[in-house]
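The values are calculated or read from the model by the stated rules, or taken from the named source; none is laboratory data. None of the values given here were measured: they were computed from a predicted structure. These area figures cover heavy atoms from the full protein model, side chains too; ligands, DNA and RNA do not enter into them. Shrake-Rupley method; radii C 1.70, N 1.55, O 1.52, S 1.80 Å.
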Amino acid sequence: QNHKIISPIFDFLSTVIPKTVRLTDFSYSATDKGIGLALKGSARSFGALAVLSDIFNQNASFKNVVFSNRSLDEKGNVMFSLTATVDPTLLSYEKITERIGARSASVVATTTQATASTTTATSSSTTR
């Protein structure tokens, strides 16, 4: 019940990080309020960093999102640090397996239904 899986964080990051943002460091730690997340990276512009900020702040699974240590590197990229707390239910092994089980059951039911329809159609055509 207390087992946590961090792969949903990677799934989230891989789908929402803008192409103009690069993460250079990732770390996490267990806290009493969830998983503490710390990221470092660079963005091509302050606008790209603002988009990233909106993405994190609009996602209910991330709390206390703070961007800090903003500075420009020699190429004009915006360097930054980000800290946040990840809602423990996002990382709950039990919740993840429930979602996977529900999806698997749906796939099996759909496949079984499609196979039954095909079998019925085939049986009808062969009895003629």
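So here's what we get for this one:
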{"item": "Pair-distance profile P(r), taking every C-alpha pair of the range 16-100, with 10 angstrom steps and integer %", "result": "17, 45, 27, 10, 1"}
{"item": "Taking all pairs of distinct alpha-carbon atoms in the range 1-50, Kirkwood radius in angstrom", "result": "12.5"}
{"item": "Amide hydrogen neighbours beyond the local backbone of SER45, cut-off 5 Å, H modeled", "result": "VAL78"}
{"item": "Accessible area in square angstrom per residue, the range 1-49, 1.4 angstrom probe", "result": "64"}
